[in-house]
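Since the structure comes first, as structure tokens, the remarks are kept for the end.
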């Protein structure tokens, strides 16, 4: 269920909201600081926020929420007895999505909660579509480079990996594009199952993929990459009309003191990939300067 954080210092208001919103998963905070702690620690879908509270009022709470990467996208609906235009304007300026005045009308409140949950989910879906490859669910080219650049800027020991499915055009020509799509999905699923959570994995186009990840030791990185190559080599993709094994060629580059940016690192990995393609495929090569 969608989780709503109710922030109010008045028991009667809390009790009424708990009854009205019983179809949702509800969490309660009776002061601003507790609300911020809960929002930072739990997965909150929406916040109903009273403005008039002691020590830290709702405006201040909202300002803190919107300044944090973890909580800035949580929809905030202000619930308050203050109806002056200045307060309403301030609430919107600080990032609130809506405003409900006390004593509130139950149907109005429920309608606004439902509407903003729908809007949040729609925005989330649109953001996912804009950043992920629609066939495989991994990062698309643009989002991959954004994430990879951020990882590059965080420190050293970064390894870039370029992966290309061998003879993919022949697979498409022989068995058709729907089967080729099935091959891509199977390869991606196999790679994803072997990667650590902090690795950045994306589809750059067609049958070409890239990974960037930090490895504390070179040997650990190469062992993981070889594990990926071997696992794919043992894949057999089948449907009613065909059964096909598949292999990949992999190029690898390591970040050094001379690596200027993520583009340079990926270019070196791509050069290593072409070396594999030229020397027989289905293997891993490291690009060295």
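Some points to look at:
- Counted residues, the stretch 211-226 - those being touching a helix residue (DSSP H, G or I) at 6+ places or on another chain (Cβ under 6 Å) and not in a strand (DSSP E or B): 1
- Scanning the stretch 25-47 for residues that are crowded, with 19+ Cβ neighbours inside 10 Å, free of Cβ contacts under 8 Å to residues at least 60 places away in the same chain and within 21 Å of residue 120 (Cα to Cα) yields 35, 36, 39, 44, 47.
- Residues in the stretch 165-210 that are part of a helix (DSSP H, G or I), touching a helix residue (DSSP H, G or I) at 6+ places or on another chain (Cβ under 6 Å) and more than 16 Å from residue 134 (Cα to Cα): 171, 172, 190, 191, 194.
- Members of the stretch 100-116 that are assigned to a loop (DSSP other than H, G, I, E, B), without any contact (Cβ under 8 Å) to a residue 60 or more places away in the chain and surrounded by 13 or more Cβ atoms within 10 Å (Cβ to Cβ): 104
- Restricting the stretch 4-24 to residues that are in contact with a strand residue (DSSP E or B) (Cβ under 8 Å, 6 or more places away or on another chain) and surrounded by fewer than 15 Cβ atoms within 10 Å (Cβ to Cβ), the residue that is farthest from residue 118 (Cα to Cα): 10
- Residues that are within 16 Å of residue 53 (Cα to Cα), under 29 Å from the mean Cα position of the chain (by Cα) and without any contact (Cβ under 8 Å) to a residue 40 or more places away in the chain, drawn from the stretch 77-94: 77, 78
Yes/no per residue for (1) under 27 Å from residue 278 (Cα atoms); (2) surrounded by 21 or more Cβ atoms within 10 Å (Cβ to Cβ):
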| position | (1), (2) |
| --- | --- |
| 149 | no, no |
| 154 | no, no |
| 182 | yes, no |
| 209 | yes, yes |
| 219 | yes, no |
| 247 | yes, no |
| 257 | no, no |
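- Residue in the stretch 91-99 that is farther than 13 Å from residue 9 by Cβ, in contact with a helix residue (DSSP H, G or I) (Cβ under 8 Å, 6 or more places away or on another chain) and part of a strand (DSSP E or B) present: yes
- The number of residues in the stretch 26-51 being more than 18 Å from residue 73 (Cβ to Cβ) and touching a strand residue (DSSP E or B) at 6+ places or on another chain (Cβ under 6 Å) comes to 5.
We did not get these values from a lab; they are worked out from the coordinates using the rules stated. Computed from a prediction, not measured in an experiment: that's the story for all the values here. Using ideal geometry, Cβ is built from the backbone for each residue, glycine included, and neighbour counts are taken over all protein chains shown.
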